[in-house]
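Here, each number is a calculation from the coordinates, and none is a lab measurement. Note that the structure is predicted; figures quoted are calculated from it, not measured. Methodologically, a virtual Cβ is constructed for each residue, glycine included, from the backbone with ideal geometry; neighbour enumeration extends over all protein chains shown.
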Amino acid sequence: MHSTDLDFAERADLALENQFLRKAVRFTVDRLRNGKAAGSAALGDFESWRERGRAIRAHTIANLDRYLEQFCDNLERAGGHVHFAADAAEASEICVRIAKDRQAKLAVKSKSMVSEEIELNRHFEAAGIEALETDLGEWIVQLAHEAPAHIILPCIHKSRGEIRALFERHAGAELAEDTATLAGYARKTLRQRFLEADIGISGCNFAIADTGSITMFTNEGNGRLVTTLPRTHIALMGMERIVPSFADLAVMAELLPRSATGQKLTTYLNVISGPRRANEADGPDELHVVIVDNGRSNQLGDPDFQAILHCIRCGACLNVCPVYRQIGGHAYGSVYPGPIGAVLSPLFQPEQELATELADASSLCGACHEACPVKIPIHDMLVKLRERNARPGRKSRTERLMMELSASVLSSPAAFARAGRVARLLQRWTIFDGSRMTFLARRIPVVKNWLGTRRLPPPPKRAFRDLWPDLEREVKS
Amino acid sequence: MKRETFMARVSTRLGRARASAASQSPSASVAPRRSPPSTRAELIAQFSSELAKVGGAVHAVRSNSALELGLMEFVHSTGGRRLVGFGKSNFERFGFDRLWRELDVSCWERGDEGCAASFRARAAAADIGLSIADLGVASSGSMLFLVGAQRPRSVTLLPRSHVAILTTDSIVADLAAALDVLGARGTPPSSALFITGPSRTSDIENDLTLGVHGPAAVTVFLLDN
């Protein structure tokens, strides 16, 4: 339900009206946030770990060219193939070509944010190849023709009843509503498809330059099935998802699961170094790694935004964000929701209008920065994005005029006092707290938005600056 | 896009002509971080309690014969009939005898190259996978499995129940120590798998359920050697 024909405010309104969604989002983010608190406390001295994580990511990105070269050389030495995609279209094209060359009919996918970013499923379908999501939450979302609502838990917006209905329609039979039955149906149905599939598609949490490995942190096991059963494995990787060595992986592996769910380690951590080797019973005959740029390299060398490439996609910033907590993921209208999404979306898709308004969906409280396991100053970036958005030509004439007017009023104490007096009197004589002369109140910019959900504070009889001489005397005596 | 073009863009954006040698990664210079358990007994206790926390079961055994007996009793107790296992030579050091005679275990053997498809079918139909872990990780209750010619991926993945043998001398303190061991072995295997308990998901209304894709049960026979 990417309602991209609606603007952000309209999507947010939709979300705010959905009581189930709001309750589910609150419950989920609280659970994940508490998990993170417990998991990081168990590690001890979490601040030092964060600093190590930040240092590793900063070092890697500052030397990205060298580490990517090293990774590619080592992966090829291990028998893997490396592909380079400048943008989303090229990334999808590469995957479709690999699949077509192998006459593939079915590709099974484990969770990959990059595959969502490049809209891989749409391209596969256009080429007549089925792309099947196998992460339970992603499969549910795919059956419902919707988009994920959370980075870690894609279908928090679906109730048990809705999931049962989707599965019953798929099964053509009745199913019980308990979790074991529903998950059991997914296991039975998807297991058969894994065995039939020609291509397995996965993401990559971290590539390792030193060994040419890709790693996947997963819990369900579908990530292992897609990299074990089909003959061809395609891994999609954002160009920044790399660390120098195993020693660095050891640090990131303590940070990622704890920050995502609070787990000490995910159920499966798979370190893949090339395809199946001679005499091995199973595993893919071919491994293709597609390294995707799609707007990422534009951030390199930009002092304000390079650090966004440090992100490890744990979702911790979503779970602490007061805005995400109210509206959930869909309102962002982007693959990446929450604070991180509000920064990534406009940077990755600068041409899209949708993304610019996301920078306003923040209270700039900085909770995202505090929660980030690699200390990305997300809130500073949101301010910088707002600055960009305010450049000439990007805001309406009225808004610019209002801002210029405010600037002149706010920069002179005398003008400010005068303006306050006039506004106070005007408000008192006309709309008061918004309940009088409503025909007028509904036409005043800013005020009309306020009145949609609440009353204005009634204007005081005397302003603070008029009260101050008396107050000052009181304080001093 | 060509590799050269792709890489050149990265270097240009970073403000240099081409990739230069990087300084050492900061991870190497940071001191060890937690005080790991020092004695073997502490490592074993921590491994067992961490694995139990994520839903795994641990059976401690003190001899090869107790291991064999324990495994056979376990298989009977689950009602499972078909087993799939790592190559038999892996188990030689445990001196199993009755187990091979009395249980129906399909093992993958080197040179079985043409039979990969049939092995896969047997693994997919098996009730229990029988494996040997290369390392245990005390801090998280994880086990490391290095895939190889005699150590297929499917055994630890396809059956509903996974039984692993782990010797107590192969338990290390934490993931960093395990990755050190892995790195010191030279070229890594095609797949190095850390497994921490049974397959899990909370995708349906945050309700935890086990075994959605991988094994629903993970049982470890911890052999004190």
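Things to note:
- Spin-label pair A:S363-A:A37: with each label point 7 Å from Cα along the Cα-Cβ axis, the two points sit 1.7 nm from one another.
- Tilt relative to chain A, helix A:397-410 - C-alpha long axis, 0 to 90 degrees, to 10: 60 degrees
- Comparing Cα centroids, the stretch A:98-157 and the stretch A:61-97 end up 21 angstrom apart.
- The local environment of A:S273, defined by Cβ-Cβ distances under 12 Å, has a net charge of +2 under the rule Lys, Arg +1 and Asp, Glu -1.
- Paramagnetic reach from A:E474 (point 7 Å along Cα→Cβ, amide N under 12 Å) across the stretch A:443-468: A:467-468
- Likely footprinting exposure, B:S140, A:S40, B:S118, fewest C-beta neighbours within 10 Å first: B:S118, A:S40, B:S140
- Fewest-first sequence of B:F145, A:F432 by Cβ atoms within 10 Å of each Cβ: A:F432, B:F145
- The H on the amide N of B:T167, modeled in the peptide plane, is under 5 Å from the matching H of B:L223, each at least 5 residues off or on a different chain.
- Here B:D224 and A:E177 are evaluated by their C-beta separation; at R0 = 60 Å the FRET efficiency comes out at 0.85.
- With a threshold of 29 Å on the Cα-Cα distance, the over-threshold entries among A:K111/A:K384; A:K23/A:K111; A:K36/A:K188; B:K53/B:K88; A:K36/A:K111; A:K111/A:K188 are A:K111/A:K384; A:K36/A:K188; B:K53/B:K88.
- Hydrodynamic radius by Kirkwood, which averages 1/r over all alpha carbon pairs of the stretch A:63-157, in angstrom: 14.9 Å
- Nearest-0.05 FRET efficiency for A:E196 and B:E4, computed from C-beta distance (R0 51 Å): 0.85
- Taking a straight Cα-Cα cut-off under 16 Å and skipping sequence neighbours fewer than 8 places away in the same chain, the aspartates and glutamates within cross-link reach of A:K461 are A:D433, A:D470.
- About the Cα centre, charge dipole magnitude for the protein assembly as shown (Lys/Arg +1, Asp/Glu -1 at Cβ), debye: 2160 debye
- Computed over neighbours whose Cβ is under 14 Å from that of A:M381, the net charge equals -1, Lys and Arg +1, Asp and Glu -1.
- Taking only the Cα atoms of the stretch A:218-283, the radius of gyration and Dmax are 13.7, 39 Å.
- Looking at chain A alone, DSSP beta bridges between its own residues are antiparallel in about 25 percent of cases.
- Mean residue ellipticity at 222 nm, helices only, chain A: -15500 deg cm²/dmol; runs of at least 4 DSSP H residues each add -39,500 (n - 2.57), and the sum is divided by the number of residues.
- Computed from the C-beta positions of A:Q19 and A:A144, the FRET efficiency with R₀ = 30 Å rounds to 0.95.
- Estimated D of the protein assembly as shown in µm² per second, where Rh is the Kirkwood radius over Cα pairs and Stokes-Einstein applies at 20 °C, 1.002 mPa s: 78 µm²/s
- Counted charge near B:V54, where neighbours are those whose Cβ lies closer than 9 Å (Asp, Glu -1; Lys, Arg +1): +2
- Computed 3J(HN,Hα) for the stretch B:2-9, one whole-Hz value per residue from the Karplus formula 6.51 cos²θ - 1.76 cosθ + 1.60 where θ = phi - 60°, is 6, 4, 4, 4, 4, 5, 4, 4, glycine and proline marked x.
- The string of couplings for the stretch A:130-145 from the Karplus curve (6.51, -1.76, 1.60, θ = phi - 60°) is 6, 10, 10, 6, 10, 4, 3, x, 5, 5, 4, 5, 5, 4, 8, 6 Hz, one whole number per residue in order, with x for Gly and Pro.
- Percentage relative contact order, chain A, counting C-alpha pairs under 8 Å, at least six apart: 19 percent
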